[in-house]
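The values are calculated or read from the model by the stated rules, or taken from the named source; none is laboratory data. Everything numeric in this text was worked out from a predicted model, so none of it was measured. Quick reminder, even Gly has a Cβ in these numbers, built from the backbone with ideal geometry, and neighbours come from all protein chains shown. The accessibility values were calculated without ligands, DNA or RNA, using every heavy atom of the protein model including side chains. Shrake-Rupley method; radii C 1.70, N 1.55, O 1.52, S 1.80 Å.
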Amino acid sequence: MPPPGQGLSEEARAGLARLNERLASVGTHSYKNAPVAAGGPFPVVLYSHGYWAGMNQGTVLMEELASHGYVVASIGHPFETNGVTKPDGRVVRFDPRNPEFMLRGRERQEGLPVERAVVETSDPAKLDALFRELARVRPKMQESLAIWAADIVFAIDKFEEMGRESERFRDRLDLGRVGVVGHSFGGAASGQAALTDRRIAAGINMDGLQAGDMVDRAVEVPFVFMHHDNRGAANPTPNVNLFRRAKGPAWLLVIEGSGHYNFSDFSLPVLSEVAPLPEGALGAIDGRRFVEILDAIVVAFFDAYLRNGETAVLDGVFERYPEIDVLRNTQAEVRPQR
């Protein structure tokens, strides 16, 4: 979503103003400079936002993870997020009219026929060829993906530094148990980072086309590929080839009635009622129900592979919510982290 007033129609600006007013009235369970809970060390989960979205788009999910004993952090990817908050509290907005951002936008338009073709075929060989063709026609996308994955790796480095040097976090962070989760392009970045950094023990891509190296290099850590409900497509799960080739336990999930933006806080009626979202961005599923389902999946998955090894709890989530369509790849298992 662009910064207020930049490149928007009068109607869109009015909608954005209503959204900002609503956001100001929404309470959270997050506090500045809160003390670290007793106990630990705690596993760490890093969240990566969607393209040109905001660092706060997954607040509900992050609070849910924190309430279950995770140290969580949202990563802002400068110049490709609508803004970041600096340590002194300043909010720095990024201009979507900058040349590199506009170049990426033109490239995306040119690559749309290839993206559409991905959901129009279920032939595995054709899918692989289309993924490689998308990388060829969108080199700037590949460049951005590498940068975003490097941002995730940099954040892990900083957590290691904090664990050594910060009195507040010393002995409280378990960097042997790092998870990554992201939405849309942030989901693809999470998958790319899981290929490149051995400290990442488990990952989730929430409705992002998994660009990058995974078409040629199988993911080896436990991984979940989530997709919105696109049952009318010949291939409603674009990442199915990557799921099938995974070398660790992997899941391919579709949540019935969901849309792409349901995988963010816009699923909540308090935001979706006033947000200027694209048509079809949210599915028919009740937004609060979707949030409940998503929270349950993510917490159970990370509990299984970053905490206690109880994979049966994740199976229980799938049984409890009939809206979840599940495929599981168990060709290779790995020992859950403890």
Across (1) more than 17 Å from Ala155 (Cα to Cα); (2) surrounded by fewer than 20 Cβ atoms within 10 Å (Cβ to Cβ), Val84 clears everything bar (1)
Name the residue that is farthest from Ala193 (Cα to Cα), counting only residues in segment 147-162 that are open to solvent by 60 Å² or more (accessible area, probe 1.4 Å) and in contact (Cβ under 8 Å) with a residue 12 or more places away in the chain.
Glu160
Does at least one position in segment 28-41 carry a residue that is within 19 Å of Phe185 (Cβ to Cβ) and either at pLDDT 90 or above or open to solvent by less than 30 Å² (accessible area, probe 1.4 Å) (or both)?
no
Working only within segment 171-199, note down all residues that are of a type in the set (Val, Ile, Thr), farther than 20 Å from His228 by Cα and crowded, with 23+ Cβ neighbours inside 10 Å.
Val178
Just the residues that are open to solvent by less than 70 Å² (accessible area, probe 1.4 Å) and assigned to a helix (DSSP H, G or I), please, taken from segment 98-124.
Phe101, Leu103, Arg104, Gly105, Glu107, Gly111, Leu112, Val114, Glu115, Ala117, Val118, Pro124
Condition first: within 22 Å of Ala73 (Cβ to Cβ) and modelled with pLDDT of 95 or more. Can you find one or more residues in segment 249-259 that meet it?
no
Matching entry among Gly212, Gly182 (being within 24 Å of Arg132 (Cβ to Cβ) and in contact with a strand residue (DSSP E or B) (Cβ under 7 Å, 6 or more places away or on another chain)):
Gly182
Taking the criterion of being within 25 Å of Ala304 (Cα to Cα), modelled with pLDDT under 95 and either surrounded by fewer than 24 Cβ atoms within 10 Å (Cβ to Cβ) or in contact with a Pro (Cβ under 8 Å, 6 or more places away or on another chain) (or both), would at least one residue in segment 202-220 satisfy it?
no
Name the pairs whose Cβ atoms lie under 8 Å apart, with the first residue in segment 119-141 and among the polar types (S, T, N, Q), the second surrounded by 15 or more Cβ atoms within 10 Å (Cβ to Cβ), and 6 or more positions between them or separate chains?
Thr121/Leu127; Thr121/Leu130; Thr121/Asn235; Ser122/Asn235; Ser122/Val240
Selection within segment 55-71 - open to solvent by 40 Å² or more (accessible area, probe 1.4 Å) and either in contact with a strand residue (DSSP E or B) (Cβ under 6 Å, 6 or more places away or on another chain) or of a type in the set (A, V, I, L, M) (or both):
Met55, Val60, Ala66
Kindly indicate whether any position in segment 222-242 is in contact with a Lys or Arg (Cβ under 6 Å, 6 or more places away or on another chain) and either over 17 Å from Ala300 (Cβ atoms) or hydrophobic (A, V, I, L, M, F, W, C) (or both).
no
Could you tell me whether segment 295-308 includes any residue that is buried (at least 19 other Cβ atoms within 10 Å of the Cβ) and free of Cβ contacts under 8 Å to residues at least 40 places away in the same chain?
yes
When segment 259-278 is checked residue by residue, the ones that are in contact (Cβ under 8 Å) with a residue 40 or more places away in the chain and small (Gly, Ala, Ser) are Ser264, Ala275
Taking only segment 55-107 into account, find how many residues are among the polar types (S, T, N, Q), more than 19 Å from Asn33 (Cβ to Cβ) and under 13 Å from the mean Cα position of the chain (by Cα).
1
